[in-house]
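Below is one structure; the comments refer to it alone.
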Amino acid sequence: MTALFALATALLWGLADFGGGLLTRRLPALTVVVASQVLAVVALGAVVLGTGAWREAGPQLWFAVAAGLVGPVAMLSFYEALALGPMGVVSPLGSLGVVVPVAAGLALGERPGPGQFAGIAVAVAGIVLAGGPELRGAPVQRRAVVLTLTAAFGFGAVMALISHASSGVTGLFLALF
């Protein structure tokens with residue numbers, strides 16, 4: 001069942017990025033981000049209030065709050081980058097954010113095995129190759145690359161913060177941030 005939820009989450013996350021990228025070509029990125037965040041807070045807030053999940057607040061909540069502040073900035077940077085650059089470059093390059101939670105885990109004493117390190121290296125190499133320079137077409141604007149890397153760092157920071165917050169704050173309440 002966990003794998004099914006993981007696949008559904010990946011699909012929905014990808015659809016959200018794709019839809020947000022398309023919308024930012026027609027609307028200002030700030031409008032898209034604010035609208036999506038307001039809708040998410042309303043929907044998740046209703047679920048949290050309805051289920052009583054708000055009672056779970058503890059000291060780890062501050063990590064969730066930090067993730068809630070960093071996330072929209074990362075999303076705004078990502079959508080602006082998608083509006084400026086080709087999706088085939090911006091999207092894979094934005095996936096380099098995986099480096100942040102890996103680095104955070106290593107800094108906190110986690111030690112992956114050789115197979116895990118090999119998997120991390122292959123994943124990062126694949127991301128770099130998939131988002132590498134286009135051999136045809138116009139070059140990617142420097143601003144699009146900077147915004148994409150800002151988004152990648154932000155998304156990675158959100159994942160690391162949520163991981164830390166989830167050790168004390170569970171499920172629905174954590175999702176609100």
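The values are calculated or read from the model by the stated rules, or taken from the named source; none is laboratory data. No experiment lies behind these values; they were computed from the predicted model shown. We place every Cβ from the backbone using ideal geometry, glycine too, and count neighbours over all the protein chains shown.
Structural remarks
- Residue in segment 34-50 that is in a helix (DSSP H, G or I), at pLDDT 80 or above and closer than 17 Å to Gly94 by Cβ present: yes
- Residues of segment 6-34 satisfying the condition of being exposed (fewer than 13 other Cβ atoms within 10 Å of the Cβ) and under 17 Å from the mean Cα position of the chain (by Cα): Ala6, Leu7, Ala8, Thr9, Ala10, Leu11, Leu12, Trp13, Gly14, Leu15, Gly19
- Verdict on Gly97 being in a helix (DSSP H, G or I) and buried (at least 19 other Cβ atoms within 10 Å of the Cβ): yes
- Test: residue in segment 36-53 that is over 25 Å from Ser167 (Cβ atoms), aliphatic (A, V, I, L, M) and surrounded by 18 or more Cβ atoms within 10 Å (Cβ to Cβ): no
- Checking Gly126, Gly115, Gly105 one by one, the residue that is without any contact (Cβ under 8 Å) to a residue 60 or more places away in the chain, exposed (fewer than 12 other Cβ atoms within 10 Å of the Cβ) and of a type outside the set (Ser, Thr, Tyr) is Gly115 and no other.
- Pairs where the first residue, in segment 68-96, is over 13 Å from Thr150 (Cα atoms) and the second is modelled with pLDDT under 90 and of a type in the set (D, E, K, R), C-beta under 8 Å, 6+ apart: Ala83/Arg25; Pro86/Glu134; Gly88/Glu134; Val89/Glu134
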